[in-house]
Structures are given as structure tokens and as C-alpha cells.
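The values are calculated or read from the model by the stated rules, or taken from the named source; none is laboratory data. Note that the coordinates shown come from a computational prediction; the quantities given were computed from them, not determined experimentally. Don't worry about glycine lacking a Cβ; one is built from the backbone with ideal geometry, like all the others, and counts go over all protein chains shown. In case anyone asks, the SASA skips ligands and DNA or RNA and just uses the protein heavy atoms, side chains included. Shrake-Rupley method; radii C 1.70, N 1.55, O 1.52, S 1.80 Å.
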Amino acid sequence: MTSVTGHHYIGRFAPSPTGDLHQGSVLAALASWLDARAHGGRWLVRIEDVDQPRSIPGAAQRILHQLAALGLEPDETPVWQSARSPLYRAALDRLIDAGPAYPCACSRRDIERVWAARGIAAQRHEELVYPGTCRDTRPTRATRAWRFRLPAAATVEWMDRRIGAQRQDVAAMVGDFVLLRADALWAYQLAVVVDDAEQGVTHVVRGEDLADNTPRQILLQSALGLPRPSYLHTALVLGPDGNKLSKQNGARSIDTDSPLAVLNAAAGLLGLAAQQGSVGQALLAWVRQWSALYNLTR
Ligand code: GLU
């Protein structure tokens, strides 16, 4: 596959700077780096600071230093989503002009009320399926958000390189989803689709917690006429409570004084054998193992 920028493989690691790298985010970084190297491709780092209120000052720089300490250096200067609003604006305008984006005046409370009237209670923290209130009638109240109108056929099938054939009925699982949030921030779904295409990303390698988002991203790619990258979702590092490891359940920053130990722990979870010696030698050995694991020939 040759991307618009002429490279046959462009991969990326896209951390949100909400804290330092921890054992879970290192897994995604290492896996995406190994896949890029095993393909003889390029590896980019994109700082996903589109959610400014959740971004922690200085975290992005620390992440970049931590990656360097692990021997994972991007092939290009990292891009920052906070500097790319005009690209997201242009994509939203295209979706508004073409029809699939529409203004929505509903608050979370409004959405809960619609479901409550149908006898369905929302779990706390649960993202509710959008009931389509503003879909066909222009809201008379102020616009809070812009949503993506799902196409009539919204069951998406896709093939993941690790977890295999996937299928999601996006209408039943999510409904018309948000592109520009009520707090005027760009939604992750739109930013990631626009950026992956604009950067010529051909292969997405990231944690399995994001696999549920892939169908929404595929629908957006189709609506915007953008190519669909190939996807590989890695296993997750679990925290002590059995959920995905995160700052909330005790993930600690990695110890960059022992990079090989950090990398060995991540490599083990990726099904690769522990290495001794230098970080450089270990990474080389893992590139070969990764190629064998995923049947890659150069
Ligand atoms: N920024 C997202 C995260 O840190 C990753 C997005 C992606 O890889 O598509 O969870």
C-alpha cells in the first residue's frame, strides 16, 4: 500500500498528554514502533492534546523524553493536535456541506430524559446512545454540539491484524456521535481520522481499549473520502482492579533509568522473548520476532 505521501508504510504513536508514559502506554508505543520497523516504514508521534482541559502542562515533553530513553525516536518532528484546529474545522465544514453533520442542542440530561421515558436508566459514567432528537429537526435552542448522522447501513465490519474479524452495529452501540463537543473542543473521533489521513498513516497500532472506536472512524473516513488504514489492536496491560491500567487505577510513570526492564515487560505482553544486552540489540531482536509473529516479509 502506498500512501498519499508516497511511503508504503507510515505508523504512529498518539499519546494523550494526560500524564507520563506508564507500562500501558509503553506497550502501544513499542508495538507501533516495532510494526513500523518490521515493515521498513516510518514511525510518527502525534501529541493528542485536543482535550486541553485534560492535558497536563509539561507531560508531552516528558513523554517525548521517555520515548527517547527507551530508544523509540520518531522519524519526524511530532505534531500537536492543539495546533491543527483549522484541519478539523475544514473537515467539519465539508461534512456540514455534504449533509452528514448536524447541530445538536441536547444536554446529557436531555438525552437521559428521552431514555428514561422509554424505561431505560443510564448507568453513571456510561456514554448513552444518542436517541436522534435533533437529527431531523433543526434545534430551536442554541447549538451545543455537532453530530455525525450515521448512514442507513451503519454496521461496520473490519479485520484486525491481531483480534481478527470485527463487527459493530454503530447505530445500536453509539448512535449519531459528536464531532465538535458542547465545550467547543474537537472530538477525538474527528481529530484522529483527519490526522491519520493528513499524515498519510497507513497502519494504526494501538491498545485494544480503542477497538470499539474503530467503526466510528471507518464511517468518518468513508464520509470524508479518506483511505482506511489497516488496524492492529494490542493486548492491554491491566491494573490491580482488572480494568485497563491507567493513572486512575495506579499506573506509575516508567523508570527510564532501567529502559531494558521497562521494554522487556512490554515485550513480554506482546508475546516477544525477554532480551539482555543493550536497548538497541533488544529492539533489533524484537523487530525480527515481530516480523515472524505477524508473518511480515520485507
Ligand atoms: N490518544 C489516544 C490515547 O492516548 C490514542 C489514539 C489512537 O491511537 O488512535 O488513548
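Of the conditions (1) modelled with pLDDT of 95 or more; (2) within 12 Å of the ligand (Cβ to nearest atom); (3) open to solvent by less than 40 Å² (accessible area, probe 1.4 Å), Ser16 fails just one. Which one is it?
Of the numbered conditions (1) modelled with pLDDT of 95 or more; (2) within 12 Å of the ligand (Cβ to nearest atom); (3) open to solvent by less than 40 Å² (accessible area, probe 1.4 Å), the odd one out for Ser16 is (3).
Within the range 216-248, which residues are modelled with pLDDT of 95 or more, within 13 Å of the ligand (Cβ to nearest atom) and not polar (S, T, N, Q)?
Arg216, Ile218, Leu220, Pro229, Tyr231, Leu232, His233
Please tell me if Leu21 is farther than 17 Å from Asp196 by Cα and within 12 Å of the ligand (Cβ to nearest atom).
Yes.
Among the listed residues Val45, Val26, identify the single one that is free of Cβ contacts under 8 Å to residues at least 40 places away in the same chain, within 20 Å of Glu208 (Cα to Cα) and within 16 Å of the ligand (Cβ to nearest atom).
Checking each option against the conditions leaves just Val45.
Looking at the range 130-157, which of the residues that are in contact with a Pro (Cβ under 9 Å, 6 or more places away or on another chain) and among the charged types (D, E, K, R) is farthest from Ala184 (Cα to Cα)?
Looking at residues that are in contact with a Pro (Cβ under 9 Å, 6 or more places away or on another chain) and among the charged types (D, E, K, R), I get Glu157.
Among Leu92, Leu70, which is the only one that is out of contact with any Ser or Thr (no Cβ under 9 Å at 6 or more places or on another chain) and away from the ligand (no atom under 16 Å from the Cβ)?
Of Leu92, Leu70, the one residue that is out of contact with any Ser or Thr (no Cβ under 9 Å at 6 or more places or on another chain) and away from the ligand (no atom under 16 Å from the Cβ) is Leu92.
Within the range 176-198, can one find any residue that is crowded, with 17+ Cβ neighbours inside 10 Å and more than 29 Å from Trp80 (Cα to Cα)?
For the range 176-198, residues crowded, with 17+ Cβ neighbours inside 10 Å and more than 29 Å from Trp80 (Cα to Cα): absent.
For the range 263-282, give me each residue that is of a type in the set (S, T, N, Q) and open to solvent by less than 60 Å² (accessible area, probe 1.4 Å).
Correct list: Asn264, Gln275, Ser278.
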